[in-house]
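Read through the structure below, which is laid out as structure tokens, and then see the notes.
The values are calculated or read from the model by the stated rules, or taken from the named source; none is laboratory data. Given the structure is predicted, the values throughout are model-derived calculations rather than measurements. Cβ placement follows ideal geometry from the backbone for every residue including glycine, while neighbour counts extend to all protein chains displayed. Please note that ligands, DNA and RNA were not included when accessible areas were found on the heavy atoms of the full protein model with its side chains. Shrake-Rupley method; radii C 1.70, N 1.55, O 1.52, S 1.80 Å.
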2 protein chains.
Amino acid sequence: MVTLKIGIIGFGPFAQFLAKTMIKQGHLLTATSRSDYSGHHGVNFFRNMEEFMELEHDVILICTSIISASEVIKSIPFHLLKRPTLFADVLSVKEYPRQLLLQEVPEDSDLVCTHPMFGPESGRDGWRDLTFMYERVRVRDEALCSSFLNIFASEGCKMLEMSCEEHDRLAAQSQFLTHTIGRVLSEMEITNTPIDTKGFEKLVQVKESTVRDSFDLYSGLFIHNRFAKQQLKNLESAIQRVKETLETRMKNSDQ
Amino acid sequence: MVTLKIGIIGFGPFAQFLAKTMIKQGHLLTATSRSDYSGHHGVNFFRNMEEFMELEHDVILICTSIISASEVIKSIPFHLLKRPTLFADVLSVKEYPRQLLLQEVPEDSDLVCTHPMFGPESGRDGWRDLTFMYERVRVRDEALCSSFLNIFASEGCKMLEMSCEEHDRLAAQSQFLTHTIGRVLSEMEITNTPIDTKGFEKLVQVKESTVRDSFDLYSGLFIHNRFAKQQLKNLESAIQRVKETLETRMKNSDQ
Ligand SMILES: NC(=O)c1ccc[n+]([C@@H]2O[C@H](COP(=O)([O-])OP(=O)(O)OC[C@H]3O[C@@H](n4cnc5c(N)ncnc54)[C@H](OP(=O)(O)O)[C@@H]3O)[C@@H](O)[C@H]2O)c1
Ligand SMILES: NC(=O)c1ccc[n+]([C@@H]2O[C@H](COP(=O)([O-])OP(=O)(O)OC[C@H]3O[C@@H](n4cnc5c(N)ncnc54)[C@H](OP(=O)(O)O)[C@@H]3O)[C@@H](O)[C@H]2O)c1
């Protein structure tokens, strides 16, 4: 495996989770973030974004929150780049960072937008058979892009090439809906009972894994995926329909 | 194990599922139902409720739908009973059949209300560690009641003695909520996508197992559990709160 010099921007929970495997694979990691993560094992951390950008990276990986992506990406001092670099991101929405990166990243640098469909919990025991979605937005250095994708492929991820638009359409129906139901169940303060059915146990698990992610992440799924609002409406109207069916049935059984 | 003569009233999917294990255990089964199930393997089926009631049963097990329970129980010709018999039910709500059975079953017959917290799907590979809830509503023949409960205990069920009221309170928060979310997801026509997260896969499973149960069953959980209406309100208002939090966050991120 080719050793890559990878610079990570935004060193929160998900970046730290990815870094563990990248370090295991022998890549050289540097990072910068709003907060101070100096002293993190196996990662050369820079508080100062300028110093970070003056290093020669093969790949710069954006791992910041969706909500802060615009501010963070616009603040990157791209003029300090010494050579064309592959920019990649892992945000859980895809059209939005794709657009931002196309606007901001210098023309001679390559661009791949990705979404690992797993996290610290579902990927705890390895990444085998977990899905890794990506769009090759602007790739000229094929070898470098392959080496980067191979970080995930070599761990056994299901590699799925898909447009950012298609991703967002599907993720609104699946991931955003899951997070919404998890947050709703959390609002309802559901907890295990002595008479749990298997189905209810699954809902408790969905609730618990949802609230482990930050509210920034969840609100990013809503604010920056243009398909999410419609899904929230669909959820509300589906509940109304189910409720009406119950009420009709109740009226009929009264007669 | 004592061999019991068990008469089942209402021989739908769940009764047939229970019967399989009872036959395996060597009990003698008869049944009656609205529809004709003559010829069902290992079960002596009577289209005629009078003929059924003239037999000498140790236990009569009510397995009819919640929605039809009042009509079915009130139509039982109890005067044909030749001797005191243990009446039991497996309805997924408990205060309602408890009340009905206390009103209708002759004073000298015993009464136990139960809810096996599993079904044809979750109990497919055996009943080990699955919960069996029961209330001994009126028991004088301890030996008979124990023999009946032992059908479930001997299969490894977690035997849980609980009042019907407590059951309904907890089941509204867990089982009714699970069925509601399953029905809502079904209304939304959710299906697997190529980018499913583990959480979304769980929701698809909840949807699929929910809609396998009849709508009669689901509407019974709502109509005849006095705690269910409040849970539906709680679900609606939790969604409103989550939605407002998202909208507030979106407004703030616009500024
Ligand atoms: N968690 C997952 O399972 C998962 C899976 C796939 C993709 N992702 C994506 O990975 C990214 C990181 O997710 P996460 O789980 O670590 O949590 P997150 O809350 O989405 O993001 C946390 C990261 O954003 C940075 N950040 C937040 N606000 C900032 C601001 N105003 N200015 C600068 N930086 C800011 C944090 O920096 P500091 O820590 O330095 O404060 C931290 O690095 C997100 O885009 C998420 O959608 C997450
Ligand atoms: N399915 C489960 O996983 C599960 C688990 C625990 C407890 N339970 C409880 O077990 C009972 C049976 O459930 P189920 O899954 O078999 O489906 P169900 O739809 O709740 O009930 C079907 C049964 O009700 C009878 N029935 C329906 N309407 C009737 C009417 N108007 N008059 C007379 N009989 C009528 C049916 O008779 P015919 O078939 O003869 O038409 C059939 O025996 C329910 O009380 C349910 O709450 C079910």
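Near B:Ile60, the amide H atoms lying under 5 Å from its own belong to B:Gly7, B:Leu86, B:Phe87, B:Ala88; only residues 5 or more places off or on other chains count, and H is placed 1.01 Å from N. With K and R counted +1 and D and E -1, the other residues having a Cβ less than 12 Å from that of A:Lys94 yield a net charge of -3. Once you've got the Cα coordinates, tell me which of A:Lys229/A:Lys251; A:Lys20/A:Lys158; A:Lys198/A:Lys243 are over 27 Å apart. Table pairs above 27 Å Cα-Cα are A:Lys229/A:Lys251. Here the extension length gained between B:Lys20 and B:Glu247 equals 76.4 nm, from 0.36 nm per residue of separation less the Cα-Cα distance. If a/c stays under 1.5 just call it rounded; otherwise compare a/b with b/c (prolate if a/b is bigger, oblate if not). Do that for the stretch B:206-255, with a ≥ b ≥ c from the square roots of the Cα gyration tensor eigenvalues. Oblate is the answer for the stretch B:206-255, as a/c is 1.5 or above yet b/c matches or exceeds a/b. Extent of the stretch B:5-70 along its three principal axes (Cα atoms, max minus min coordinate, largest first): 31, 24, 22 Å.
Taking only alpha carbon atoms, the protein assembly as shown gives an Rg to Rh ratio of 1.12, where Rh is the Kirkwood radius. Interface B-A: total buried accessible area of about 5400 Å², 1.4 Å probe, protein heavy atoms only. Each principal axis of the stretch A:64-177 carries a Cα extent, and these read 39, 31, 24 Å when sorted largest first. A:Tyr37 contributes about 60 Å² of solvent-accessible surface, heavy atoms of the protein only, 1.4 Å probe.
Take each residue in B:217-227, count the other chain C-beta atoms within 10 Å of its C-beta, and the mean is 3. Cβ-Cβ distance of B:Lys158 and B:Arg34, R₀ of 25 Å, FRET efficiency by 1/(1 + (r/R0)^6): the value works out to about 0.15.
Above 17 Å, the calculated P(r) of the stretch A:1-132 contains 57 percent of its Cα-Cα pairs.
In this assembly of identical copies, the label point of B:Met250 (Cα plus 7 Å along Cα-to-Cβ) is separated from its counterparts by 3.1 nm, sorted shortest first. Each eigenvalue of the Cα gyration tensor of chain B, multiplied by 5 and square-rooted, gives one semi-axis; in descending order these are 39, 20, 17 Å. Across the copies of the chain, B:Lys24 has label points (7 Å from Cα along Cα→Cβ) spaced 4.0 nm apart, shortest distance listed first. With the label put 7 angstrom out from Cα along the Cα-to-Cβ vector, A:Glu201 ends up 1.7 nm from the copy partners, going from closest to farthest.
With a Förster radius of 30 Å applied to the beta-carbon distance between A:Lys229 and B:Val211, the computed FRET efficiency rounds to 0.65.
Look at the stretch A:124-133: the mean tally of other chain Cβ atoms within 10 Å of its residues' Cβ atoms is 1. Shown for the protein assembly as shown: the carbon plus sulfur share of the solvent-accessible area, taken with all protein chains present and a 1.4 angstrom probe, equals 46%.
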